[in-house]
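For reference, the structure discussed in these notes is given below.
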Amino acid sequence: MPTYRAEGLVIKRTSYSEADQILTIFTKNRGKVSAIAKGSRKLTSRKGGHLELLNHSIFSIAEGKSLDIITEAETVEPFSSIKSNLEKSSLGHYLAEFINEFLPDGLKSYSFFRLCLMALGYLNDAEEGSSQVLIHSFELKALAELGFAPEIRKCVLCQQPLTWGELNSFSPECGGVVCSRCSNGEGFCLDEDLAELLREVACLPWKKVDRIKVQKSSLEQLRAITRSYVEYVLEKRLKSPSLLEKIRNGHFDLQG
């Protein structure tokens, strides 16, 4: 049975039987791979700790007739700080779901793989208050990498430079910012400060994004814009944001 080694991120885990699980792995050189990890749900499994969601690991995988089989795994980076913090963990789950939903089967992209690793690294090390800004930066950077970047520097309809001080808006359906001349009153109102924040999180390097200080009201507006655009492009709602809302509103109960 031919085998191969793959470096990758665990982006989804699905229980397959009492002892087994199927992993979806975003690999560095092969794109998205699904493989079964036999016995990994057992408490005595030596592989189990290396197969956690969001783990950056190196896998030995045997090619199977219907499903590949993970034979060995070794963790490169577990991103422990993400998993030990409720807010970061929920954001990490969102990032994993985002990757899995947007990444087509068969697409090999080292640049997108590197972007995802960097996002997880900065989220892992983020100080309190900057985690959500980092995730919105990831959303916009990832959309650009995958060819879905919204237009944020000029009017997406007339292609003219934006005039600030007027009532511009962001329209997910149109694909970006719509100037006051073209706007029909729909979409998200976009004042100059919010537009600048949108450009910063989309374009600044990670080190500078990590230092952006955002007021709560602006963060909520940014969140609404990015979520609406992500779901419009994807044509479906993601599951993770509902968990994020419960945590933000203090309605999440660890006991169920």
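The values are calculated or read from the model by the stated rules, or taken from the named source; none is laboratory data. Keep in mind it's a predicted model, so treat the numbers as computed, not measured. Note that we place each Cβ from the backbone using ideal geometry, even for glycine, and neighbour counts take in every protein chain shown. Quick note on the areas: whole protein, heavy atoms, side chains included, nothing else; ligands and nucleic acids left out. Shrake-Rupley method; radii C 1.70, N 1.55, O 1.52, S 1.80 Å.
Points worth noting:
- For region 43-96 and region 207-225, distance of Cα centres in Å: 30 Å
- Amide H within-cut-off set for GLY176, under 5 Å, with H built and near neighbours excluded: GLU151, SER171
- Using just its DSSP H runs of length 4 or more, each adding -39500 (n - 2.57), the chain gives a mean residue ellipticity at 222 nm of -11500 deg cm²/dmol after division by all residues.
- ASP210 accessible area, 1.4 Å probe, all protein chains in place, Å² to nearest 10: 50 Å²
- Gap separating the Cα centres of region 104-122 and region 141-192, nearest whole Å: 27 Å
- Loop trypsin sites (Lys or Arg not before Pro), region 45-83 (other Cβ atoms within 10 Å of the site Cβ: 15 or fewer; DSSP): ARG46, LYS65
- Taken about its Cα centre, the chain carries a charge dipole of roughly 660 debye when the Cβ of each Lys and Arg holds +1 and the Cβ of each Asp and Glu holds -1.
- Length gained on full extension, LEU234 to MET1: 80.2 nm, using 0.36 nm per residue less the C-alpha separation.
- Beta bridges by DSSP in the chain, antiparallel share as percent, to the nearest 5: 90 percent
- Phi angles across region 219-228 convert, under the Karplus curve 6.51 cos²θ - 1.76 cosθ + 1.60 with θ = phi - 60°, into 3J(HN,Hα) values of 5, 5, 5, 4, 4, 5, 5, 5, 5, 4 Hz, Gly and Pro given as x.
- In terms of distances greater than 23 angstrom between alpha carbons, the cross-link table entries LYS154/LYS239; LYS88/LYS239; LYS32/LYS65; LYS32/LYS236 yield LYS154/LYS239.
- Carbon and sulfur %, accessible surface of the chain computed with the full protein complex present, 1.4 Å: 46 percent
- Of the trypsin sites (Lys or Arg not before Pro) in region 172-234, the ones in a loop by DSSP (not H, G, I, E or B) with at most 11 other beta carbons within 10 Å are ARG211, LYS213.
- 3J(HN,Hα) from dihedral phi, region 67-80, Karplus parametrisation 6.51/-1.76/1.60, rounded to Hz, x for glycine, proline: 8, 5, 10, 7, 9, 8, 8, 9, 6, 8, 8, x, 6, 4
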